[in-house]
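Handing you this structure, nothing more for now.
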Amino acid sequence: MERGFKHLAYCGDPGFNWSNWRKERFRESVESSGLVAHVLIRCPAPIRNIRGRAKKGPRFVDQPSATSCRHFRLLRHPSSESLGCLQELDIAVPEEVAVLGVDNDPVLCELADPPLSSVICNVHRTGFEAASLLDRMMHGEQVDSKPVLVEPTGIQTRQSTDVLAITDPDVAIALRFIRENALAGINVSDVVRQVPLSRRILESRFRKAIGRSPHDEITRLRLDRVKELLLETDLPLSQIASRTGFEHTEYLTVFFRKAVGVPPSSFRASHAARAVGKVRD
């Protein structure tokens, strides 16, 4: 949705609860944004069904898979029916169909053609939660079947979603510039210089296209990257600041506190303590 797609589909495996939960949350997220979850393909689906749905449905379809491995088998099947099911229809990935997987397995994602973008699951937090449940069971506690839901940490963008489904060419240019340079410390004036529009007109058309201002988009991308580095690495704040376009650590701290409500060090510590504490409990 951030890249302008209006027609989205989910591809999952109904044999697993986690896949069904993802499907329902996907549907809720799409519909709450005023869009329609067009196609709910059940995996493994016959290639002919994918062909049929692609012929009938809109060309711009975003299809999150149950797992990267599942999607890899679906789109890169070892038989002649592999990615040819899209090629036969003259449907290009990502120009016409953007594809997003889950689990971010680097081997499967990088070997896919084109390389597969993927949701990055918080495997460390998941491991702590699983260990906590196991520990409680080993101590004789009766554990109910209530699911423990763990939010992902972000998305690893690769070529399969490296496209903007935006009909306004000037906005598309501005948005691509922001995505490629947000971590370099750019501002809205830098964005305006990329298009033949005044700042006021660009901001109006930008907001109409994606629902945010150029400044909001720059802020969102920088904040997401800072959070990812805080949770997934042990890098000091000084290095995180330099990697996300902040000249000084103090600037990063002020920016983060304003957006999140706590300084980055507290954010990192609270998430680490939460995960470890659940295991100790």
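State in Å² the accessible area per residue of the stretch 178-281; use a 1.4 Å probe, count heavy atoms of protein chains only, and round to the nearest integer.
For the stretch 178-281, the solvent-accessible area averages 57 Å² per residue.
Work out how much length residue 219 to residue 159 would gain on full extension: take 0.36 nm times their residue separation and subtract the Cα-Cα distance, in nm to one decimal.
Once the chain is fully extended between residue 219 and residue 159, it gains 19.3 nm.
With a Förster radius of 30 Å, plug the Cβ-Cβ distance of residue 148 and residue 35 into 1/(1 + (r/R0)^6) and report the FRET value to the nearest 0.05.
0.55
Hey, rough spin-label estimate for residue 253 and residue 201, points 7 angstrom out along Cα→Cβ, what's it come to in nanometres?
4.4
Quick one: go through the stretch 187-224 and flag any residue whose amide nitrogen is under 14 Å from the point 7 Å out along the Cα-to-Cβ line of residue 238.
none
Pull out a ≥ b ≥ c, the square roots of the eigenvalues of the alpha-carbon gyration tensor of the stretch 102-243, then state rounded if a/c is under 1.5, prolate if not and a/b is larger than b/c, and oblate in the remaining case.
Verdict is prolate for the stretch 102-243.
Suppose R0 equals 25 Å; then what is the FRET efficiency for residue 20 and residue 136 from their Cβ-Cβ distance, rounded to the nearest 0.05?
Calculated value: 0.50.
The values are calculated or read from the model by the stated rules, or taken from the named source; none is laboratory data. Model, not experiment: these values are computed from the prediction. So basically every Cβ, Gly included, is an ideal-geometry build from the backbone, and we count neighbours across all protein chains shown. When the accessible area is computed, the model is the full protein with side chains, heavy atoms only, and any ligands, DNA or RNA have been set aside. Shrake-Rupley method; radii C 1.70, N 1.55, O 1.52, S 1.80 Å.
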